[in-house]
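Working notes for the structure below.
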Amino acid sequence: MKAAIADLLALSPLEIPTFTQLTALAACCRGAVRALPLDRVAAAADLLARHPALLAGRSLSAQRLAELTDLVARVTGRRTRCLVRSLLLFALLRARGEEIALVVGVARRGDGLEGHAWIERGSEVVGEALPEGRFTPMLRLAGEAGTSRR
């Protein structure tokens, strides 16, 4: 938590409104993830990307947006952290017209499965270093609202 506080204190004046807007959106994402199927949540994030009120981070780099969405996910709760971060980043990058995909994958962990969500631009993972071959993509959502590939 100390690292998150240090990161909050290091936000620039340009990043504070972005962080504030993303924090509110994170609360909405967490509620939607609990109540709706994932493809509907991603479709809502795609619709949000086209809403004029989504001003968050228009002038920030994709890498900085990834860092801010991760900070928001860390501050707002541990559960579903990667999914919330990925949904926020999906909406932000789609708002800028970037062709990206939200990917959800799984990996074996002991006798169970571990899930993870991330953003891809083409074959590039955006905003994080995904361990090579660790997660098998199970769901990829991209394009217009309601469009999905499995």
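Name the residue that is nearest to the chain's Cα centre (by Cα), counting only residues in the stretch 1-24 that are surrounded by fewer than 18 Cβ atoms within 10 Å (Cβ to Cβ) and among the β-branched types (Val, Ile, Thr).
Only one residue tops the list, namely 23.
Just to confirm my filter: which helices (runs of 4 or more DSSP H) fall fully inside the stretch 10-77 and include at least 1 residues that are at negative phi, touching a strand residue (DSSP E or B) at 6+ places or on another chain (Cβ under 7 Å) and touching a residue at least 12 places away in the same chain (Cβ under 8 Å)?
Details: elements: 15-35, 38-49, 62-76.
Counting at least 1 such residues, we get 38-49, 62-76.
Do we have residue 27 as surrounded by fewer than 17 Cβ atoms within 10 Å (Cβ to Cβ), of a type in the set (Gly, Ala, Ser) and at pLDDT 90 or above here? Judged against the criteria, residue 27 is not a match. For the stretch 83-135, a tally of residues being out of contact with any Leu (no Cβ under 8 Å at 6 or more places or on another chain), assigned to a strand (DSSP E or B) and farther than 21 Å from residue 41 by Cα returns 5. Checked against (1) buried (at least 20 other Cβ atoms within 10 Å of the Cβ); (2) more than 13 Å from the chain's Cα centre (by Cα), residue 42 meets all criteria but (2).
Restricting attention to the stretch 46-68, the residues that are touching a Phe, Trp or Tyr at 6+ places or on another chain (Cβ under 9 Å) and modelled with pLDDT of 85 or more total 1.
From 110, 122, grab the single residue that is of a type outside the set (Val, Ile, Thr), surrounded by fewer than 20 Cβ atoms within 10 Å (Cβ to Cβ) and over 19 Å from residue 139 (Cβ atoms). Give the steps one after another, and end with the answer.
Numbers: 122 fails: over 19 Å from residue 139 (Cβ atoms).
Testing whether each residue is of a type outside the set (Val, Ile, Thr), surrounded by fewer than 20 Cβ atoms within 10 Å (Cβ to Cβ) and over 19 Å from residue 139 (Cβ atoms) leaves just 110.
For the stretch 78-98, the count of residues that are out of contact with any Pro (no Cβ under 7 Å at 6 or more places or on another chain), hydroxyl-bearing (Ser, Thr, Tyr), in contact (Cβ under 8 Å) with a residue 12 or more places away in the chain and on the phi > 0 side of the Ramachandran plot is nonzero. When the stretch 83-99 is filtered for residues that are surrounded by fewer than 23 Cβ atoms within 10 Å (Cβ to Cβ) and either at pLDDT 90 or above or farther than 11 Å from residue 49 by Cβ (or both), the ones remaining, listed by number, are 83, 99. For the stretch 63-93, the tally of residues that are farther than 23 Å from residue 136 by Cβ and touching an Asp or Glu at 6+ places or on another chain (Cβ under 6 Å) stands at 1.
Of all the residues in the stretch 63-79, those that are over 15 Å from residue 4 (Cα atoms) and crowded, with 18+ Cβ neighbours inside 10 Å number 1. Within the stretch 94-108, is there a residue that is closer than 25 Å to residue 131 by Cβ, over 16 Å from the mean Cα position of the chain (by Cα) and not hydrophobic (A, V, I, L, M, F, W, C)? Taking every residue of the stretch 94-108 in turn, at least one turns out to be closer than 25 Å to residue 131 by Cβ, over 16 Å from the mean Cα position of the chain (by Cα) and not hydrophobic (A, V, I, L, M, F, W, C).
The values are calculated or read from the model by the stated rules, or taken from the named source; none is laboratory data. Please read all numbers here as calculations on a predicted model, not as lab measurements. Cβ atoms come from the backbone with ideal geometry, glycine included; neighbour counts cover every protein chain shown.
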